[in-house]
Amino acid sequence: MHPTLIFLLVVSIVGSAQSQTWAGTYTADPSCNTANCCCFSGQIVVIKTPPNTYGLTSKVAGMCFMFTSISGSTTLTGYTGSLTMSGVPIYLQLSPDSRNITATSPLSSTCIARATKV
């Protein structure tokens, strides 16, 4: 294979692996079980604040320690990050196409909140 072609393939693969885009507005997936879980509600807004910190704001519904919204900042590493709500970590995962966020908590493996970029 020609060296230039190999270089272009490597640059393309590295570029796509680093092209995650957390910032944006997402809509909560209504499939989250609010009777047993703390779920995103309505829109979720993620903004980037330099150098590599992100802010997340969302209304929440369900079993959320009496909270009606969450907001916080985190340093996101690639496709993962975390926030804390009332001392409980919330693990965030961005899909490879940067269109979906999934939030989970160690309190319940069945409670999964999802949101899709608008």
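General observations
- Note on the stretch 58-71: among residues that are under 15 Å from the mean Cα position of the chain (by Cα) and surrounded by 14 or more Cβ atoms within 10 Å (Cβ to Cβ), the one that is nearest to residue 99 (Cα to Cα) is 58.
- Answer residue from the stretch 72-89, given it is assigned to a loop (DSSP other than H, G, I, E, B) and in contact (Cβ under 8 Å) with a residue 40 or more places away in the chain and is surrounded by the most Cβ atoms within 10 Å (Cβ to Cβ) among those: 76
- Screening the stretch 90-118 for residues that are assigned to a strand (DSSP E or B), in contact (Cβ under 8 Å) with a residue 40 or more places away in the chain and among the aliphatic types (A, V, I, L, M) and picking the one that is surrounded by the fewest Cβ atoms within 10 Å (Cβ to Cβ) gives 112.
- With respect to the conditions (1) at pLDDT 95 or above; (2) surrounded by 12 or more Cβ atoms within 10 Å (Cβ to Cβ), residue 54 lacks only one, and its number is (1).
- Extreme residue, farthest from residue 36 (Cα to Cα), among residues of the stretch 47-71 that are in contact with a Ser or Thr (Cβ under 8 Å, 6 or more places away or on another chain) and in a loop (DSSP other than H, G, I, E, B): 52
The values are calculated or read from the model by the stated rules, or taken from the named source; none is laboratory data. Being a predicted model, the structure only gives us computed values, none of them experimental. We place every Cβ from the backbone using ideal geometry, glycine too, and count neighbours over all the protein chains shown.
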